[in-house]
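Beneath this line is the structure, given in structure tokens, with notes to follow.
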Amino acid sequence: GAVVSQHPSRVICKSGTSVKIECRSLDFQATTMFWYRQFPKQSLMLMATSNEGSKATYEQGVEKDKFLINHASLTLSTLTVTSAHPEDSSFYICSARDPGGGGYEQYFGPGTRLTVT
Amino acid sequence: QKEVEQDPGPLSVPEGAIVSLNCTYSNSAFQYFMWYRQYSRKGPELLMYTYSSGNKEDGRFTAQVDKSSKYISLFIRDSQPSDSATYLCAMSARTGGFKTIFGAGTRLFVKA
């Protein structure tokens, strides 16, 4: 199956700082990538859909000025959590859609655990 | 009503049992159905995907889709402790731009 990497896997930062998370499709070009947030023992919450070369589409309730998404190339999307606060602590997971496959299945990265102190 | 309903469990079974995981949905436009497995503190891993109705088998896993009942299932034969994980169903429709809707996930424990 297609491989998606995510970096870093774990990050601890101080309140008020910004954190950047990278998501890469390693063996395919992803025109669409997705960013999810997951709280313990809960399902995935879609934050935004990122299309290469255009602005991300944010889900209702997600602050686009706080969660900056950039999809500058067909293999890289980044999520920047700006002015992070403890309530932003969560597990962030990206996924990418492989257009070479059926076109509808998503492949997930391993996730990034963010802890804001 | 949620678009996709999935019992969160937990579901506990002995090793070797046949496991049945299910989801129901309300949107008849859904055409693409997926099952993901997620181990603790890891990203979801795509297990099976099917288009429209029917069965698909891959090793110990069988996915079934019954569009008339809006019901999908994942069967795991000869379950192993390593199958212990959370299983998420997911589905999408071309009319929705393939936006994927996930179930809440069912936590499965397979006891040795």
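Yes or no, residue by residue, for (1) surrounded by 20 or more Cβ atoms within 10 Å (Cβ to Cβ); (2) acidic (Asp, Glu); (3) touching an Asp or Glu at 6+ places or on another chain (Cβ under 8 Å); (4) within 30 Å of A:Thr49 (Cα to Cα):
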{"site": "B:Glu45", "(1), (2), (3), (4)": "no, yes, no, yes"}
{"site": "B:Gly59", "(1), (2), (3), (4)": "no, no, no, no"}
{"site": "B:Gln64", "(1), (2), (3), (4)": "no, no, no, yes"}
{"site": "B:Arg77", "(1), (2), (3), (4)": "no, no, no, no"}
{"site": "B:Leu88", "(1), (2), (3), (4)": "yes, no, no, yes"}
{"site": "B:Ser92", "(1), (2), (3), (4)": "yes, no, no, yes"}
{"site": "B:Gly103", "(1), (2), (3), (4)": "yes, no, yes, yes"}
{"site": "B:Arg107", "(1), (2), (3), (4)": "no, no, no, yes"}
{"site": "B:Ala112", "(1), (2), (3), (4)": "no, no, yes, no"}
Do we find that B:Tyr25 is crowded, with 17+ Cβ neighbours inside 10 Å, within 26 Å of A:Ile93 (Cα to Cα), out of contact with any Pro (no Cβ under 6 Å at 6 or more places or on another chain) and more than 14 Å from chain A (Cβ to nearest Cβ) in this structure?
yes
Please go through region B:15-53 and give me each residue that is of a type in the set (Val, Ile, Thr), modelled with pLDDT of 95 or more and more than 26 Å from A:Pro40 (Cα to Cα), ordered by number.
B:Ile18
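Listed here are the residues, each with its yes/no results for (1) at pLDDT 95 or above; (2) in a strand (DSSP E or B); (3) more than 14 Å from chain B (Cβ to nearest Cβ); (4) surrounded by fewer than 21 Cβ atoms within 10 Å (Cβ to Cβ).
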position: A:Leu68; (1), (2), (3), (4): yes, yes, yes, yes
position: A:Ala84; (1), (2), (3), (4): yes, no, yes, no
position: A:Ile93; (1), (2), (3), (4): yes, yes, no, no
position: A:Gly101; (1), (2), (3), (4): no, no, no, yes
position: A:Tyr107; (1), (2), (3), (4): no, yes, no, no
position: A:Arg113; (1), (2), (3), (4): yes, yes, no, yes
Tell me, which residue of region B:65-79 that is under 19 Å from B:Pro8 (Cα atoms) and either assigned to a loop (DSSP other than H, G, I, E, B) or in contact with a helix residue (DSSP H, G or I) (Cβ under 8 Å, 6 or more places away or on another chain) (or both) is farthest from the other protein chains (Cβ to nearest Cβ)?
B:Ser79
Filtered residues of region A:30-49 (kept if small (Gly, Ala, Ser) and either over 12 Å from the mean Cα position of the chain (by Cα) or at pLDDT below 90 (or both)):
A:Ala30, A:Ser43
In region A:1-46, what count of residues is obtained for those that are in contact (Cβ under 8 Å) with a residue 40 or more places away in the chain and either of a type in the set (Asp, Glu) or in a strand (DSSP E or B) (or both)?
23
Name the residue, out of B:Glu57, B:Glu15, that is in contact with a helix residue (DSSP H, G or I) (Cβ under 8 Å, 6 or more places away or on another chain), closer than 20 Å to B:Ser79 by Cα and of a type outside the set (A, V, I, L, M, F, W, C).
B:Glu15
Failed condition for B:Gly9, given (1) without any contact (Cβ under 8 Å) to a residue 60 or more places away in the chain; (2) more than 19 Å from A:Ala96 (Cα to Cα); (3) surrounded by 14 or more Cβ atoms within 10 Å (Cβ to Cβ); (4) of a type outside the set (A, V, I, L, M, F, W, C), with all others met?
(1)
For the subset of region B:80-112 comprising residues that are over 18 Å from B:Thr24 (Cβ atoms) and assigned to a loop (DSSP other than H, G, I, E, B), which member is nearest to the other protein chains (Cβ to nearest Cβ)?
B:Phe98
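The values are calculated or read from the model by the stated rules, or taken from the named source; none is laboratory data. Just so you know, these numbers come straight off a predicted model, no measurement behind them. Ideal geometry is used to build each Cβ from the backbone, glycine not excepted, and the neighbour counts take in all protein chains shown.
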